[in-house]
Amino acid sequence: MKDKELRQQKTGKARLTLLDSLRGAALLSMILYHGTWDLVYMAGVRIPWYNALPGYLWQQSICMTFILLSGCCAALAGDPRRLLRRGLIVSACGILVTAVTLLVLPEDRVIFGVLTLIGACMLLVGAVRCVVKHPADPVVGLILSAAAFLLFRHVNSGCLLLGIFDRGIRIPLPAGLYRGWFMTFLGFPMPGFWSTDYFSLLPWLAWFLCGYFLRGILKRAGIEEKLQLEVPGLAWMGRHSLPIYLAHQPVLYLLLMLAGKV
């Protein structure tokens, strides 16, 4: 019995370190991306590709990886109350980021940023898990979540999309939906709304759920026990992703100041 428990502990640790390594890699990519943003918009360095398709794909790869991994980690929380506590902490950090940017850099304010989104997703999933003791089949859940993500992918721009890869039938949504702060948080930005980091509940909750159900599929298939990978530096960053996220922009800004670029 002890040997079995020891093997379970080892496989659980390997699984977590794999997620930590992937999250650390995404975090490093994000720091480089934001460092490039600072060079372009604060230091005035001309980098043409940054505002073109390559820069967009880079940004999307970072946010989609972070949100997907957050969904995977949410599925690891055995007690939903633990997920609720984590959601409150992340949400509070999101509010902190908003407050600081509004006070210090209002022209680059962050309202409804990625931390606010991830915190809200954790709270919603945690609340549902407190009520629903038997979650949906992970395969069905992944299919429905992926379909919802594709459907609502362009809701910020005023339409639904029946298709894939930005190709298909676009269905315009009523302009009346795009009013007020609550609707902006949901995914219907009101006129004049501006944020340098805007991640609304739609469509990104669906992508978070893709990660949640993906972990269930990997567990059912017994695949996650075979995915044993730890890159020490990246795994460390992944385990401390929240404080690193909060600190990286002030550090980058300080470096620009020391270099005389701002």
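The values are calculated or read from the model by the stated rules, or taken from the named source; none is laboratory data. The model shown is predicted, which means the values in this text are computed figures rather than measured ones. Here the Cβ positions follow ideal geometry from the backbone for every residue, glycine too, while neighbour counts run over all protein chains shown.
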Note: among Val100, Val128, just one is touching a Pro at 6+ places or on another chain (Cβ under 9 Å) and over 30 Å from Gly192 (Cα atoms), namely Val128
What residue, among those in the range 142-188 that are among the small types (Gly, Ala, Ser) and over 24 Å from the mean Cα position of the chain (by Cα), is modelled with the lowest pLDDT?
Gly168
Picked from the range 55-69 (must be of a type in the set (A, V, I, L, M, F, W, C) and surrounded by 12 or more Cβ atoms within 10 Å (Cβ to Cβ)), the residue farthest from the chain's Cα centre (by Cα) is Trp58
If I ask for residues that are within 18 Å of Pro174 (Cβ to Cβ) and not in a helix (DSSP H, G or I), which ones from the range 140-161 would you list?
Phe152, His154, Gly158, Cys159, Leu160, Leu161
Does Leu205 satisfy the condition of being buried (at least 17 other Cβ atoms within 10 Å of the Cβ), over 22 Å from Val97 (Cβ atoms), in contact (Cβ under 8 Å) with a residue 12 or more places away in the chain and of a type outside the set (Val, Ile, Thr)?
no
Every residue from the range 114-137 that is more than 22 Å from the chain's Cα centre (by Cα) and assigned to a helix (DSSP H, G or I)
Cys130, Val131
Out of Ala43, Ala52, Ala14, Ala92, I need the residue that is modelled with pLDDT under 95 and either within 15 Å of the chain's Cα centre (by Cα) or under 22 Å from Arg239 (Cβ atoms) (or both). Which one?
Ala14
